[in-house]
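Asks: So that we are looking at the same thing, I have put the structure below in structure tokens.
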Amino acid sequence: MVKYFVKRFLIMLAALFLIALITFVIMHAVPGSPFTTDKKVSPEIEAALEAKYHLDDPLPVQFIDYVKGLLHGDFGPSYKYTGKTVNDFIYNGFPVSAKLGGITILFVLLTAIPMGIVAAIKNGKWQDMTVMAVATIGVTIPSFVIASLLIYVFAYRLNWLPTFGLDSWKGYVLPVIALGGYSMSYLARLMRSSLLEVMGQDYIRTARAKGLSETKVILKHAMRNALIPIVTVLGPTVAGLLTGSFVIEKIFAIPGLGVHFVNSVSQRDYTTIMGVTIFYATFLLAMVFLVDVFYCLIDPRIKFE
Amino acid sequence: MENERKNTEALNLICEDPWGALPESRQEREKIAGRNRSFFSDVWFRFRRKPTALAGLAVILILLIFALFGPYFTKYSYSDQNLDLVNIPPYLSVFEAEDGSCYFYITQSLKVVVVNKDGTLGRQLTRLREDEKQKMIFFDYNGEEIAIFYGMQPYVIANPVARTVMPRAKVWNRSYVLGTDTLGRDILTRLMYGTRVSLLVAFIAVIVNMVIGIVYGGISGYAGGAVDNIMMRIVDIISTIPLTLYVILIMVLLGSGLHSIIIAIGTVYWVDMARVVRGQVLTLKEQEFVVASKTIGSPTKTILTQHLIPNAMGPILVTVTMLIPSAIFMEAFLGYLGIGLQPPLASLGTMCNDATENLKSCPHQLFIPALVICLIMFAFNFVGDGLRDALDPKLKK
């Protein structure tokens, strides 16, 4: 088992290095210096600027410096906002995004699992049909459409909820639903199919034959195994929620990391793009890795090569 | 006729001597009595039993026709602007002129547009003056004065002399069936071009993915051993990279535009396909027909292209139909973030993005393209589901 984790960890490190390399190469392949602006800058000033940010070093040296900085948790300065570093953006933006993401994951788990259970127990009845219809809609409709629809109905028409701001719990309702809609639907479908599969197995019949109540059979015996696939996809789900938040943060004007990323892309703030990409990627890979470890720990049947 | 004749012949033979041997005939020995069904007719037979899948297929065909031939039937181009007629909805609430000859429509910028009786939009009336005391803006209509009265919500058109509100009415917009956007462009025409772009992105992405994925997966699976190990580790690493981030990075590098979207989607989305193909090839290459082919000295290329890939076609097709929605989604997502196509080109995502600013006053601008995106997504998902069941009946529970 340890060997398996070490292997996974090494792949993760390799992936991170590759991400840093690709990001670095792409950002330096973009034509134009980061200081190319509408105003004409004299060559001396440009040279001075490049010297200040060590842009006159050969590329491999720059890359090594950059990676050294990364290892110390230093993502470098922002080229567009003088005096700001990429770390500032991350410190300011990430807690906001993380809070929204955390609430969304909680919301997703608290809705998707009961929905899936109901659909599986009432297989083929109207409850099942309803859950599956909602889940199909949630999987197919893009999050920005859901978000706009929610804003239009609940904020503009009914005036119940604000369209932006996270000051009160009300501000969280719409972003959380819009952000979690896809994952909720996906997990509900997964929960349903996995519970249905487990319910057909012999040990469930045994549990019933012992005379256990149906609640006990489902919650104590079936759920334990049925939850395993859910845990497996939690890692990718977290990843999806985080990248999905680009759009949601933009729509609801939430000052999170996603908005910084999108803004830095449209403003071509290269160091910020690089830094935030690498930060995101590290975070996502770490989450996926942790979920994998957790998954292996809760299911002793899993064998490792 | 032919069959009947054969049947009677066979019957005669049996009747002559019910227990005797039939005359030996080499041609008929392996004949299958039922109608011969090819692989595709077999798939089609199972596919058409699923109403959702058929509906999805129909929707895709309709959208294809809409996107390909629609632009030939509209009067406008996707970039024609008419700044006199911006943000006009498809369903107008208007006021009827007192002589009953036409309607008046108040635009959002407080101008008055003449709407003909048949619902087509006419000219804009010239503004004469504003009277703040009376809360009226006066316009000239064929020498007579009419006024927008803004003392009540929503604003109404009144006769300033008689001080009466003109009778209200509702008409469908016949000039711009789906209304216009913030620059006065016809939404229907832009929708056709947007659908075209979305479908184009999807199909090209699919072709690129199929080629790269099949070649990569095929080689990896067939070669096996160290080659397979290295190639699959590369795939492992690529698949851990969050793809959305990379599509965005590639867009930054290549600049906005259709070609960059296609390249961006094409370069990162082949990983799943490579895995599927490799898995298929790994199991198939041990089978007898491949061994037989090797024995008669077929080169690797022939074995791969003639034997392995055709047999793996089922899972490949399913992966492709599942990939189309995600490619379309990615294009819409990029467009929505503002790093997709450059204006005035239209894609469904950029149309949604343009429309968010005035969602409150003109929801139709957002909901029409959003509806088309949803339709495409539904259609491809249903077709994908149907195809999976049809290609692999074993999977069906």
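Asks: Order B:Asp385, A:Asp128 by their accessible area, 1.4 angstrom probe, all chains in place, largest first.
Replies: On the way: B:Asp385 40, A:Asp128 10 Å².
These residues rank, largest area first, as B:Asp385, A:Asp128.
Asks: Work through the residues other than A:Val86 whose Cβ is under 10 Å from its Cβ and net out their charges, Lys, Arg +1 and Asp, Glu -1.
Replies: Computed value for this residue: -2.
Asks: How many Cβ atoms of partner chains, on average, are near each residue of A:143-151 if near means within 10 Å of its Cβ?
Replies: Mean number of neighbouring Cβ atoms from other chains: 5.
Asks: For the residue pair B:Met313 and A:Ile137, what label-to-label distance in nm results when each label sits 7 Å from Cα along the Cα-to-beta-carbon direction?
Replies: Those two pseudo-labels are separated by 3.9 nm.
Asks: Between the chain alone and the structure with every protein chain in place, find the residues of the stretch B:215-239 that drop at least 50 Å² of accessible area; heavy atoms, 1.4 Å probe.
Replies: Those residues are B:Ile237.
Asks: Helix hunt in chain A: which complete DSSP H runs extend at least 27 Å axially by C-alpha with mean Kyte-Doolittle at least 0.0?
Replies: Within chain A the helices that satisfy the rule are A:2-29, A:86-121, A:169-199, A:223-251, A:270-298.
Asks: Also, I was wondering about something else. Just the number, please: buried accessible area between B and A, total of both chains, 1.4 angstrom probe, nearest 100 square angstrom.
Replies: Between B and A, the summed buried area is about 3500 Å².
Asks: Here is a follow-up. How much of the accessible area of the stretch B:187-395, in percent, comes from carbon and sulfur atoms when a 1.4 Å probe is used?
Replies: After summing per-atom areas, the C and S share lands at 67 percent.
Asks: Then there's this: Summing Lys, Arg as +1 and Asp, Glu as -1, what charge do residues with Cβ under 10 Å from the Cβ of B:Phe139 carry, B:Phe139 excluded? Show your work: numbers first, answer last.
Replies: On the way: positive: B:Lys111, B:Arg127, B:Arg129; negative: B:Asp140, B:Glu144, B:Glu145.
Local net charge: 0.
Asks: Separate question: Counting Lys +1, Arg +1, Asp -1, Glu -1, what net charge surrounds A:Gly211 among other residues with beta carbon under 14 Å of its beta carbon?
Replies: +4
Asks: For a quick check: with amide H placed at 1.01 Å from N, whose amide H comes under 5 Å from B:Val115's, ignoring anything fewer than 5 positions away on the same chain?
Replies: For B:Val115, whose amide H was placed from the backbone, the distant partners under 5 Å are B:Tyr103, B:Phe104, B:Tyr105, B:Gly122.
Asks: Can you give the Kirkwood hydrodynamic radius for the stretch A:51-155, in Å, rounded to one decimal and based on Cα pairs?
Replies: The answer is 18.6 Å.
Asks: Quick check: convex hull of the Cα atoms in chain A, volume per residue, rounded to a whole Å³?
Replies: 167
Asks: Computed from the mean reciprocal separation of all distinct C-alpha pairs, what Kirkwood hydrodynamic radius does the stretch B:91-172 have, in Å?
Replies: Hydrodynamic radius (Kirkwood, Cα pairs) of the stretch B:91-172 is 12.5 Å.
Asks: Residues of the stretch B:306-336 losing 40 Å² or more of accessible area relative to the isolated chain, 1.4 Å probe, heavy atoms only?
Replies: Hits at the 40 Å² cut-off: B:Phe329, B:Phe333, B:Tyr336.
Asks: Checking buried surface per residue: for the stretch B:252-293, which residues lose a minimum of 30 Å² accessible area in the protein assembly relative to the chain alone (1.4 Å probe)?
Replies: B:Val252, B:Leu253
Asks: OK, next. Given a Förster radius of 41 Å and the C-beta distance between A:His28 and A:Leu290 as r, what FRET efficiency does 1/(1 + (r/R0)^6) yield to the nearest 0.05?
Replies: It comes out at approximately 0.80.
Asks: Based on DSSP H runs of at least 4 residues, each adding -39500 (n - 2.57), what is the mean residue ellipticity at 222 nm of chain B after dividing by all its residues, to the nearest 500 deg cm²/dmol? Spell out each step's value before the answer.
Replies: Numbers: 12 runs with 203 residues, N = 397.
The per-residue figure over chain B is -17000 deg cm²/dmol.
Asks: Pick out which of B:Val268, B:Val113, B:Val291 has the largest mean-square fluctuation in a Gaussian network model of chain B, springs linking Cα atoms closer than 10 Å.
Replies: Answer for the Gaussian network model of chain B: B:Val291.
Asks: Given the pairs B:Lys50/B:Lys75; A:Lys68/A:Lys250; B:Lys135/B:Lys170; B:Lys111/B:Lys360; A:Lys3/A:Lys216, which span a C-alpha to C-alpha distance of over 29 angstrom in this model? If you can, show how the numbers build up before the last one.
Replies: On the way: B:Lys50/B:Lys75 39 Å; A:Lys68/A:Lys250 32 Å; B:Lys135/B:Lys170 25 Å; B:Lys111/B:Lys360 19 Å; A:Lys3/A:Lys216 38 Å.
Checking Cα-Cα distances, B:Lys50/B:Lys75; A:Lys68/A:Lys250; A:Lys3/A:Lys216 exceed 29 Å.
Asks: Counting heavy atoms of the protein chains only and a 1.4 Å probe, report the per residue accessible area for chain B as a whole number of Å².
Replies: Per-residue accessible area for chain B comes out at 52 Å².
Asks: From the gyration tensor of the Cα coordinates in chain B, what semi-axes in whole Å does the equivalent ellipsoid have, largest first, with each one equal to sqrt(5λ)?
Replies: 62, 31, 14
Asks: Expressed as an acute angle from 0 to 90° and rounded to the nearest 10, what is the orientation of the C-alpha long axis of helix B:187-223 relative to the principal long axis of chain B?
Replies: Helix B:187-223 sits at roughly 30 degrees to that axis.
Asks: Under a 1.4 Å probe, what is the accessible area of chain A per residue, stated in Å²?
Replies: 51
Asks: Now a separate question. What is the Cα radius of gyration of the protein assembly as shown over 2.2 N^0.38 Å, N being its residue count?
Replies: Against the empirical 2.2 N^0.38 Å value, I get 1.18 for the protein assembly as shown.
Asks: Next up: How far, in degrees from 0 to 90, does helix B:243-254 lean away from the longest principal axis of the Cα atoms of chain B, to the nearest 10?
Replies: That works out to roughly 70 degrees.
Asks: Give me the percent of accessible area attributable to carbon and sulfur for the stretch A:53-182, probe 1.4 angstrom.
Replies: So the carbon and sulfur contribution to the accessible surface is 69 percent.
The values are calculated or read from the model by the stated rules, or taken from the named source; none is laboratory data. Just so it is clear, the structure is predicted and the values come from calculations on it, not from any experiment. Backbone-built Cβ (ideal geometry, glycine too); neighbour counts: all protein chains shown. These accessible areas exclude ligands, DNA and RNA; they are computed on the full protein's heavy atoms, side chains included. Shrake-Rupley method; radii C 1.70, N 1.55, O 1.52, S 1.80 Å.
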